[in-house]
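Following: one structure in structure tokens, then a few remarks.
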Amino acid sequence: MGVFQNNLMGAAAAAASAGGGGFYDHQIANSVRFTGSGRLTRTAGTPTNIDKFTISFWVKRSDVTAQNNLVFGDTDNINYQMLRFSSTEKLELHEQRGGGDSNGLRTVDQVFRDPSAWMHVVWVYDSGNSTEADREIFYVNGTRLTDVEGWDGGYPAQNRDSVFNQSGATQVIGGASAYYGNHLDGYMAEVVFNDGQAYAASNYGETKNGVWIPKDPSGLTFGDNGFYLNFASSGDLGNDVSGNNNDFALTNIAAHDQMLDSPTFNSSSNGGNFATLGPLWNTPDMTFSEGNLKWTTSTNQRGVMSNWSIPLEGKYYFEYVPLSWGASSGDDQWIGVNVSTVDFTASRGGKATCYGYGANSGKKIDGDGTEDSYGAAWATNDIIGVAVDRVNDTIQFSKNGSFQGSAFAISATADLFPWLGSGGGTSSASGVFNFGQDGTFAGNVTAGGNSDDTGYGNFKYDPPTGFLAMCSGNLPTADAVDPAQTDDNYPQKLFGATIWTGNAATGRAITGLGFQPDWLWFKSRGSAFSHRLYDTSRGIASNGGKRLFSNTDGTETDQTSGQDISAVGSDGFTLGASSNLYTNDTNDGGLHVNWAWRANGGTTSSNGNGSITSTVQVDPSGCFSIVTYTGESATRTVGHGLSAAPYMMIIKSRGSSYNWGVYHTDIGLNMLKLNSYVAQDTGASSVWGNAHPTSSVFSIGDASETGKSVDYIAYCFANCDGYIKAGSYVGNGSTDGAFVYTGLKPAWVMTKMTDGGAEWTIFDTKRDPHNLSEHILQADLADAERTDLDEIDILSNGFKCKYNGGRTNQSGKTYIYLAFASNPFQYATAR
């Protein structure tokens, strides 16, 4: 039994022990797909309170660049009130009365362009409130937004009547009136309207082990105009289940727009969030529709891919139907999986790097670009099944339910994504994917009603035994960090960041971390002070606490009189006894940040796996360790204590002025230096003892960075589903930059160019709690924080570069990264 299957059974057991509810005590089973022209409408009756209401809903965006109206009410074309995502990706309210009388509220810098997961939005209207800023409120994923401003009239005047809840107003969900258009392109689930109530987000959801989850809204007060749309009946999607029978009429929404895609999953039938095609990739000349399940192009040689990688554990199944074909006899389509570095504009949209099945020839490609005999040709309206086995590392294809050829080998280690390539002529082409959420393929096929072995999904043909739908209920999360299985060791209990403003006070406590840290990394944001690294293996006490500096090759030093930190505690740490020094100064705004990791509470153990003895602290995930050892000026092995081979290691001599040595699997036995911007050293294999790490040891050679006869500290990281991901990507030099799939929602990301000179760049969600993430610190420089160099969006399943070059996204350059999660993607909400 693999790790993934074991985790799935563990989740099911947890659900059973919780009384059948599983992690999500309240299930949302269905959603509605809005395709840019559909909407739900009703005429409002007499309100309980025209000046006070709350509306709550879950939304998953498809088109993240266009204006998308979400909630709209009007009495005529010049009297309306709307909540929308603007064309600049901001959340925005606008109310207009005839004669130029208007008001509005919107986010200032915060943008929303994550199409891979669901987010929860609450809008509170309470114009009777005496506090202006409380008359309209946004909550997203349980957090009240503070990055907001009034515009076009600002906040509503006190006791200003709403339009949305006015008697006789047309209320619209998922769009606007035909006059205004800009209807939603995406999905909505569990839309709840409470007339006469100013509810906080906590009435609709709660945080459980770091995850924002929904609560059952049926017991709330709905008032006269209130409604609750749960979209449970495909034949009556506008049905109000609040008890008021305030039902909605449908425009351009069909029964097949009821979707299985939803914000929650259980252990048997509700799969939760499903994969879609990927607008996060730079895919020129491709149009996405039908909730990002349909692609269309009129340009030769183009490809598309999902935002979801197929996990390295488990077996997965999806289906595809081609709808239109180029008129040229040379036009072709290829279906399968591909690598993240695929060239979507190359022949057949990148078939040279695919593991795929071709339409015209029925041949296969197994990652080498060479076509080999495989199965029957296929054409429009044929349904192609794709079975990807990442336990045995094979792929196999079916045509209309009949499997072709034999399963053939795929990469055992590469991130692989569902992919489609088209081209060979000049005519248009299109097709629709089904990852399990829509067995009708957007109304083009009669659904087959076949689910996977867990009970998830609706496929035309029965998935092979053991093969699962690509949905959140089937995603792997390591048992040790799974929020459904641990109250103590989920990601936010293992990594966290804190920020504060220096006040020059002595012995200042910084709390709110939520755990006792073992590795602490300090940096002044406003001053050019060195990065200061401490860990409990080497000691943190105020006299004799050992610090290292990531931006220099300097030796370990004792802090004098507790300059930086004097103690760690169960919820954070205490700054030094000396005032106004490196961790609490008031210079240039006095801003500071600390990144903290939990290991083993300062308790070390001797690891005898290597040829020399090491002392290790291992965190509860088994994928991060702090290792101390003494080199012997010879090739030796060192036990790292992890449950798998380290993917990345950061090593520093403690008593000598030697460079920091960085190992990363994706650069082989080359070496990077944490204290330097230079490219990788390609002649450094001896630093690593000419061998890659194993599941028990790493090797060192007679090299200053790892193996001289001095003391060393090593920070070791193995990839851990849902918590740690190290990997690599290639930049594209565009503001529509490289998308990097991590399989987790990052809280912290560090990147480094490997084939050129560029600084180590660090982002986190504490300094930038929303997108755009632009505040960077550089591990190899003492420089203060900057906002003019690099930008990324931190997303539910990775990050996307948004800067056209810089240190993170130069065209054709290769980068390595290390990321730590705030949540596993399995449970993540969109940002």
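Since every read-out is calculated from the coordinates, none of them should be taken as a lab result. Since we're looking at a predicted model, the values are computed, not measured. Ideal geometry is used to build each Cβ from the backbone, glycine not excepted, and the neighbour counts take in all protein chains shown.
Along the three principal axes, how long is segment 644-769 when you take its alpha carbons, biggest first, rounded to the nearest angstrom?
Result for segment 644-769: principal-axis Cα extents of 47, 30, 26 Å.
How compact is segment 684-734 by the rule of thumb for globular proteins, expressed as Cα Rg over 2.2 N^0.38 Å? Don't jump to the answer; show the numbers that get you there.
Numbers: Rg = 14.8 Å, N = 51, 2.2 N^0.38 = 9.8 Å.
Segment 684-734 yields a ratio of 1.51.
For the peptides 712-723, 22-33, what is the packing order when you average, over each peptide's residues, the other Cβ atoms within 10 Å and list the highest mean first? Kindly include the intermediate steps, with their values, before the conclusion.
Values: 712-723: 25.0, 22-33: 21.4.
With the highest mean Cβ count within 10 Å placed first, the list reads 712-723, 22-33.
Could you tell me the distance between the Cα centroids of segment 297-370 and segment 663-708, to the nearest Å?
One Cα centre to the other: 37 Å.
So which of Lys673/Lys708; Lys294/Lys725; Lys652/Lys745; Lys399/Lys460 end up more than 21 Å apart, counting from Cα to Cα?
Numbers: Lys673/Lys708 17 Å; Lys294/Lys725 30 Å; Lys652/Lys745 29 Å; Lys399/Lys460 11 Å.
Result: Lys294/Lys725; Lys652/Lys745 exceed 21 Å.
Rounded to the nearest 500 deg cm²/dmol, what is the calculated helix-only ellipticity per residue at 222 nm for the chain, with -39500 (n - 2.57) per DSSP H run of length n ≥ 4? Write out the running numbers ahead of the final one.
On the way: 1 runs with 15 residues, N = 831.
So the calculated ellipticity at 222 nm is -500 deg cm²/dmol.
Over all alpha-carbon pairs of segment 457-551, lay out the pair-distance distribution in 5 Å bins, whole %, shortest bin first.
2, 9, 13, 16, 15, 10, 8, 7, 6, 5, 4, 4, 2, 0
Given points 7 Å out from each Cα along the Cα-Cβ axis, report the Asp755 to Asn360 separation in nanometres with one decimal.
Each label point lies 7 Å from its Cα, and together they span 3.1 nm.
Give me Rg over Rh for segment 733-787, both radii from the alpha carbons and Rh done the Kirkwood way, two decimal places. Each step should come with its number before you reach the end.
Working: Rg = 12.0 Å, Rh = 12.6 Å.
Rg/Rh for segment 733-787 comes to 0.96.
In segment 532-607, if every C-alpha pair distance is counted and binned at 10 Å from zero, what percent goes to each bin?
For segment 532-607, the binned pair fractions read 18, 49, 30, 4, 0 percent.
Could you work out the per residue convex hull volume over the alpha carbons of segment 622-676, in cubic angstrom? Spell out each step's value before the answer.
On the way: hull volume 5.7 nm³, N = 55.
That works out to 104 Å³ per residue.
How large is the Kirkwood hydrodynamic radius of segment 51-92, counting all unique pairs of alpha carbons, in Å?
Values: mean 1/r = 0.0855 Å⁻¹.
Here the Kirkwood hydrodynamic radius works out to 11.7 Å.
Equivalent-ellipsoid semi-axes (√(5λ), Cα gyration tensor) for segment 742-831, whole Å, largest first?
On the way: eigenvalues 90, 41, 26 Å².
Listed largest to smallest, the semi-axes of segment 742-831 are 21, 14, 11 Å.
Taking the inverse of the average 1/r across all pairs of different Cα atoms in segment 231-271, what Kirkwood radius in Å do you get?
On the way: mean 1/r = 0.0850 Å⁻¹.
Result for segment 231-271, one decimal place: 11.8 Å.
To one decimal place, what Kirkwood hydrodynamic radius in Å is obtained for segment 476-526 from all pairs of distinct Cα atoms? Don't jump to the answer; show the numbers that get you there.
Working: mean 1/r = 0.0748 Å⁻¹.
Result for segment 476-526 stands at 13.4 Å.
By how many degrees, between 0 and 90 and to the nearest 10, does the Cα long axis of helix 3-17 differ from the longest principal axis of the chain?
60
In terms of the Cα gyration tensor, with a ≥ b ≥ c the square roots of its eigenvalues, is segment 326-463 rounded because a/c is under 1.5, prolate because a/b exceeds b/c, or oblate?
Details: a/c = 1.64, a/b = 1.16, b/c = 1.41.
Oblate shape, in that a/c is at least 1.5 and b/c is the bigger or equal ratio.
Assuming R0 = 51 Å, what is the FRET efficiency of Asn609 and Asp783, from their Cβ-Cβ distance, to the nearest 0.05? The partial results should precede the final answer.
Working: r = 40 Å, r/R0 = 0.78.
For Asn609 and Asp783, the calculated efficiency is 0.80.
How large is the direction-averaged shadow of the alpha-carbon convex hull of segment 409-490, in nm²? Numbers along the way, then the final one.
On the way: hull surface 35.0 nm².
Spelled out: convex hull of the Cα atoms, projected over all directions, averaged, 8.7 nm².
Can you give me the P(r) profile for the chain? Cα pairs, bins 20 angstrom wide beginning at 0, each as a whole percent.
The distribution over the chain is 15, 46, 33, 6, 0, given as percents.
Quickly work out the Asp558-to-Thr88 label distance, labels modelled 7 Å from Cα along the C-beta direction, and quote it in nm with one decimal.
For Thr88 paired with Asp558, the spin-label model returns 5.6 nm.
So what is log10(I(q)/I(0)) for segment 222-314 at q = 0.23 1/Å, when the Debye sum runs over its Cα atoms only?
-1.17
So for segment 162-258, considering every pair of alpha-carbon atoms, how many percent are separated by more than 19 Å? Intermediate values should be presented prior to the final figure.
Working: 2303 of 4656 pairs.
Distances greater than 19 Å cover 49 percent of the Cα pairs.
For Ser324 and Ala66 in the same chain, what is the full-extension length gain: residue separation times 0.36 nm, less their Cα-Cα distance, in nm? Present the calculation step by step, with values, prior to reporting the outcome.
Working: separation 258, 0.36 × 258 = 92.88 nm, distance 2.58 nm.
Full extension of this stretch gives 90.3 nm more.
Working out 0.36 nm times the residue gap between Asn804 and Asp216, then minus their Cα-Cα distance, what length gain in nm do you get to one decimal?
On the way: separation 588, 0.36 × 588 = 211.68 nm, distance 4.44 nm.
Full extension from Asn804 to Asp216 adds 207.2 nm.
Given N residues in segment 84-141, what is Rg(Cα) / (2.2 N^0.38 Å)?
On the way: Rg = 13.2 Å, N = 58, 2.2 N^0.38 = 10.3 Å.
Compactness ratio reported: 1.28.
Work out the FRET efficiency for Asn77 and Ser268 from their Cβ-Cβ distance, taking R0 = 60 Å, and round it to the nearest 0.05. Can you show the working numbers first?
Values: r = 48 Å, r/R0 = 0.81.
In this case the efficiency is close to 0.80.
What does the convex hull of the alpha-carbon atoms of segment 59-178 project to on average, in nm²?
Values: hull surface 29.2 nm².
Orientation-averaged projected area of the Cα hull: 7.3 nm².
Could you estimate the translational diffusion coefficient of segment 57-120 from the Stokes-Einstein equation, with Rh from the Kirkwood formula over C-alpha pairs, at 20 °C and 1.002 mPa s, in whole µm²/s?
Details: Rh = 12.6 Å.
In µm²/s, the coefficient rounds to 170.
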